[in-house]
Each structure stands twice: as structure tokens, then as C-alpha cells.
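Let me begin by presenting the structure, written as C-alpha cells, before commenting on it.
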Amino acid sequence: MEFATGDPPPPSTSDHRRLRRMISNRESARRSRMRKQRHLEDLRSRVGRLRLENHALLDRIAAISGSSVVLAHQNELFRSEITALHRRLSDIRRILFLRQLHSLSSPLPPPPPPATSPSPDSAAEAGCLLASKEPITASFS
């Protein structure tokens, strides 16, 4: 067989196989690059979502921390009020106990107090705790 001077020789079987393998490898590399690109886009999208979630969580933590400070202050006020009320209750119980002792030790029962005004003795005996009209309050900020 003779070939014309400008014509390429016909491809051999091994050349044809090599050409097919080269085309297949190029296509496989292109698919691999596309998969890699999609994966990179997915990761970037995930990073964006996680940043938004992180920001939302930081805002929530700040709000809860602020509420915690307010609640701790209110709790301290309640504890203070409880202490004052316990002290007042103890004083009132002591006064009532002393009245009972006084009534048991006196030979005659004390005369009933006048209906219009309290007796000076009972006001002095009760002390300023019973006469006090100050309410115990707590303020909430």
C-alpha cells in the first residue's frame, strides 16, 4: 500500500485504543473537577449557614445572660426580704410569748383596752414592730 504524501497514515489498533483512553481520561477528569466544584460550593454554603447560626446563638446567649443578671438581682432582693420578714416574725413571736408570760404571772387579768384608742402600755409592749406601718417591699429592675 502506498500513501499519498499529504494523507495521514490510518490509525492502528493500538493508536485507536490510546486515543479512546485519552478521551475517556479527559472526560473523567472533567467530571472529577465538576464534583470537586459542587463540593466546594456546598461547603461555602454550609459555612454561610453556620455563621448565621453562630451569630443567632451569640445573640441568644447575650439575651439570656442579661436576663440572668436581672433574675440574680431580683433573687437577692427576695432573700433580703425573707431575712427581714423572718426577723420581724421572730420579734412578734417573742412579744406574744412575753405577753402570755405576763398574763400568766399577774394575779388579776388586765383590764380590757378602751375601744376608741389603744392603751399606751400595749403600744410600748408591742414596740415599734407592731406599730410600724412600713410595708416591706422589693423593687424589680
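The values are calculated or read from the model by the stated rules, or taken from the named source; none is laboratory data. Fair warning: this is a prediction, and the values are worked out from it, not measured in the lab. Glycine gets a Cβ as well: all are built from the backbone with ideal geometry, and neighbour counts include every protein chain shown.
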Among the listed residues Ser122, Ser132, Ser68, identify the single one that is on the phi < 0 side of the Ramachandran plot, modelled with pLDDT of 95 or more and not hydrophobic (A, V, I, L, M, F, W, C). Ser68
Given the structure, is Ile92 part of a helix (DSSP H, G or I), of a type in the set (Val, Ile, Thr) and either in contact with a helix residue (DSSP H, G or I) (Cβ under 7 Å, 6 or more places away or on another chain) or at positive phi (or both)? yes
